[in-house]
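Reviewing the structure listed below.
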Amino acid sequence: MDMATKWCDMPEWMLEEIFSWLPPEHLMRFKCVSKSWYSLIILLVKNPIFVKKHLGNIYSNNKMPSTRNLVFCCYRPGYWPNPDLEFWSPYELYSLVTMYNDDNESNDVFIYVSESFDMPIPRTELDMSCVLGCHCNGIICLCGSHKAILLCNLAMKEFRTLPKPYPPLGDFVFVVVGIGFYYDSRVNDYKVIRFGCERLFPGSVVNPKPRADIYSMATDSWRRVETQLEFDGLPYPGEQVFCKGVFYWSMWTSAYFIISFDVFDEGLCRIPLPDSLFETQIEQLKLALWNESVVLFFYPGERGSPISIQVWELDDCHGGVKGSCSWIKKLIIGPLVDVVTPWTFWKSDELLLEATGGGLVSYNLSSQMLRNLTIPEAGRIVRWEFSYVKSLVSVHGEEQAG
């Protein structure tokens, strides 16, 4: 009896345990091993209990402090694809970068693996040059300013278009400035929060009306969320982060500000900036996460000059939803030479930054050492980036999975 036959004859419970630790793309390839494996794997990916177990194991693997998976949505400057093509070229959209820390401080080149996703998005659905994106449990949520909202599992090559939310009344249109996708463990449901403004089109309004809608995958429907927020103009979206059950969206009208959404009490709130940064230029601020806390980067200075980065931490107030907020200046990084802007903390002591020449560098807070990442995609315009983990979670929900 050869080794392949021995593997195929293993008890199903043992195979199921082994399969629960495999990356999704490897598991799906194993369907070709035998008819019995094919049938078993098809049943497992439709089984919500196995999918949840697999998700827990995959997250356990990705909690190693020496690695981090980041997804970049990029768009080449000055490059416009053929409008007659049905799909966006996947090479123009996503890159998954797995970063490794080899703790070798004498090495000035960072170790990483980069791969492109081959998930074509129908051109009629989204304008990828201005799309917003976020991630939860292996599913990426994509949303354009005026078009559809899509859910994509890139590892499983699944995507679906969500039903349209409530349309604006009369001559108004809805402009999205914040999107969030999350798992509500209280009701075992995946949800989408869409935040934006209604305004007259064509034309504008002095005070556009803020609006929020929540989509439930379990019911495949939308509902409205009440809000008392007011804006002095149409907001433009910035960064967005998710921390301890709260989404944070940075945006600006006449000034930079932050909107929070608590997924538990569904409260929306506006968060003021630190007093010393109230009138800061928007291009000198960026929202990020650090050690499970929301932070604000402030990096004044002219392009091409050495920059110092102030890191301000938001106190644990749930984004202002339950009380007042305050900011604490935690540290100052730099001055750094040949750096344009900070991106994100990929580890507690490693900050990813954009270099002057368009590449990426990683800065270690302890050693103060800069290491290069020669990622070809980094030369493009980056629309957003976030942590990512591959999973078997279906974009169709438990009832339609597989």
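Filter LYS52/LYS390; LYS46/LYS157; LYS164/LYS191; LYS31/LYS157; LYS157/LYS244; LYS244/LYS390 down to the pairs with a C-alpha to C-alpha distance above 19 Å, please.
Where the Cα-Cα span goes over 19 Å, the pairs concerned are LYS157/LYS244; LYS244/LYS390.
Treating only the Cβ of Lys, Arg, Asp and Glu as charged (+1, +1, -1, -1), what charge dipole size does region 3-46 show about its Cα centre? Round to the nearest 20 debye.
200 debye
Taking amide H atoms as placed 1.01 Å from N in the peptide plane, list the residues 5 or more away in sequence, or in a different chain, whose amide H sits under 5 Å from that of LEU336.
Amide H neighbours of LEU336: ILE307, SER308.
Can you give the FRET efficiency to the nearest 0.05 for ASP349 and TRP21, using r as the Cβ-Cβ distance and R₀ = 41 Å?
0.90
Enumerate the amide H contacts of HIS135 below 5 Å, restricted to partners 5 or more residues apart or on another chain; note that Pro and chain-start residues carry no placed amide H.
Here CYS141, PHE181 satisfy the definition.
Please list, ordered by chain and number, the residues whose modelled amide H lies under 5 Å from the amide H of GLU158; skip anything fewer than 5 residues away on the same chain.
ASN153
Quick note: the coordinates plus some simple rules give every number you see, no bench work behind them. Bear in mind that the values here come from a model prediction, so they are computed numbers and not experimental data. Glycine also receives a Cβ, built like all others from the backbone with ideal geometry; neighbour counts cover every protein chain displayed.
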